[in-house]
1. Cβ-Cβ below 7 Å, separation at least six or inter-chain, first residue in the range 336-365 and closer than 15 Å to residue 402 by Cβ and in contact (Cβ under 8 Å) with a residue 40 or more places away in the chain, second among the acidic types (Asp, Glu) and in a strand (DSSP E or B): which pairs?
2. crowded, with 21+ Cβ neighbours inside 10 Å, farther than 26 Å from residue 236 by Cβ and touching a residue at least 12 places away in the same chain (Cβ under 8 Å): does that describe residue 399?
3. Take the residues of the range 282-294 that are among the β-branched types (Val, Ile, Thr) and in a strand (DSSP E or B): which is surrounded by the most Cβ atoms within 10 Å (Cβ to Cβ)?
4. What is the residue count in the range 280-316 for residues that are more than 15 Å from residue 265 (Cα to Cα) and out of contact with any strand residue (DSSP E or B) (no Cβ under 8 Å at 6 or more places or on another chain)?
5. Got at least one residue in the range 299-321 being aliphatic (A, V, I, L, M), in a loop (DSSP other than H, G, I, E, B) and either surrounded by fewer than 18 Cβ atoms within 10 Å (Cβ to Cβ) or modelled with pLDDT of 95 or more (or both)?
6. When only residues in the range 83-103 that are farther than 15 Å from residue 48 by Cα and in contact with a Leu (Cβ under 9 Å, 6 or more places away or on another chain) count, which is modelled with the highest pLDDT?
7. So residue 61 passes all but one of these: (1) modelled with pLDDT of 85 or more; (2) assigned to a loop (DSSP other than H, G, I, E, B); (3) of a type in the set (D, E, K, R). Which condition number does it fail?
8. Looking for something hydroxyl-bearing (Ser, Thr, Tyr) and either surrounded by fewer than 22 Cβ atoms within 10 Å (Cβ to Cβ) or over 23 Å from residue 201 (Cα atoms) (or both) - is there at least one such residue anywhere in the range 273-281?
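The values are calculated or read from the model by the stated rules, or taken from the named source; none is laboratory data. Given the structure is predicted, the values throughout are model-derived calculations rather than measurements. Don't worry about glycine lacking a Cβ; one is built from the backbone with ideal geometry, like all the others, and counts go over all protein chains shown.
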Amino acid sequence: MSTSVPPRDGGALSGSVNSLTPFLADESALRRIFDAEYSALVLSAKSQLGDAASQAPRVVESAFISAWAHRPTLHDAEQVRAFLASDVHHGASRALSRRAAAHRFGTHGGRDTGNTGSHAAASDEANAERSWEQITHAINTEGGSENDQAHLAAAEVGRHEAAAHMKSVGKGQSWVVPVLIGVAALAISVVAVIYTSRLGEDDAMVSATSNASIQPIASSPGQIGTLTLRDGTKMRIGPDTKVFIPDEFPTKIRAIKVDGTAEFDVAKGQPIPFRVVANRTHLIATGTNFVVYAYSGDSSVLVQVRDGSVTVKSGKQSSTVTANQMLFIDRTTMRAPTDDERAQAFGWPEGRIAVEHKQLRAVVAQLARWFNLDIKVPDLKLLDREAGFNVSLDSSRAAIAQVEKSGNVKFTYEGDSKVFRDAMAKK
């Protein structure tokens, strides 16, 4: 994953700008989080597995391998911990499902039948070093043992593909599992068709991209980053933005959700159109370049198409936006954006941001978003004044100066706090 950030002016007022660097940058980082979280995750897995607790170390190993496979999307310790906890939960559910299926398909005697490898007879004290050996062997082995390949397969297909791990049991019943799998696949397909037809494709995509288990790619205030999605689409996200990418992307679902602003250079030649969901508005493209601006605090969505075309759908409204066109969308309207709306939404890819003819309360919020400047306004009456700025993203000083002039306010420090005061107030 490549990253980029806006240049800084080096002044005391510059926003804190960081790159979207994966937290698990190397195996030593993975080892540190392993040492910190392994024991607690094993206990959690055991509590979820019940009488199949012997499989807990393997479930946890698979979670760490999955985290390693998804490391480009994990940017801090909290995201990694949340991912591991979620993956352990899903891994325990898969293990229980396999165990129940094995019992149904002819295994007797009440023993675990999951592929637990060396953990089948493990003691209550998990052998952390043995688990670490399994993890490192799996993430560094392309071929390897059946055990390693099972781990890698789990990481690759995601947390929701439990059926891929089922194995046949007993030669005398070898025909049973393929038939049952075929029936299950047919049933799933029928359910999917019914579900999609009932909800409609758009609602189905909203549901898929809003899944609570998705760990978003997120940028902080003052941060701009770039990365390449798994289908080859290049994405650049603006500050204070979250992007939600389903596990099934792009093979089954080529849709993502954006809360914030992002620019896309969509990979061409794909069988499924590329879709962005933003504030329940759908932007559908094939190979094209476009910018979307849709923060969750706003009710509107703005899109600028730079090359190709994008189909926009919002409720019963629909429109096609072609190269060099822009569109403002809310619940009841599709129209061309105003000059101020265009400047605020679409200047940042070229390194500029404009917030003009707004109340000071809105301007202060945008200074926080684009420059990571936390500026207080103790005199609440000032918040209603009109102010604005139109500056390069590398100069927070220029932004402050323009707000002072346009809003007739004065920037100052009061202790450690940054403050706007009335410029005309008596001293």
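1. Here the result reads 343/356, each pair linking the range 336-365 to a residue that is among the acidic types (Asp, Glu) and in a strand (DSSP E or B).
2. Working: crowded, with 21+ Cβ neighbours inside 10 Å: yes; farther than 26 Å from residue 236 by Cβ: no; touching a residue at least 12 places away in the same chain (Cβ under 8 Å): yes.
Against the criterion (crowded, with 21+ Cβ neighbours inside 10 Å, farther than 26 Å from residue 236 by Cβ and touching a residue at least 12 places away in the same chain (Cβ under 8 Å)), residue 399 does not qualify.
3. Residue satisfying both the conditions and the ranking: 292.
4. 5
5. Taking every residue of the range 299-321 in turn, none turns out to be aliphatic (A, V, I, L, M), in a loop (DSSP other than H, G, I, E, B) and either surrounded by fewer than 18 Cβ atoms within 10 Å (Cβ to Cβ) or modelled with pLDDT of 95 or more (or both).
6. That would be 83.
7. (2)
8. No, the range 273-281 contains no residue that is hydroxyl-bearing (Ser, Thr, Tyr) and either surrounded by fewer than 22 Cβ atoms within 10 Å (Cβ to Cβ) or over 23 Å from residue 201 (Cα atoms) (or both).
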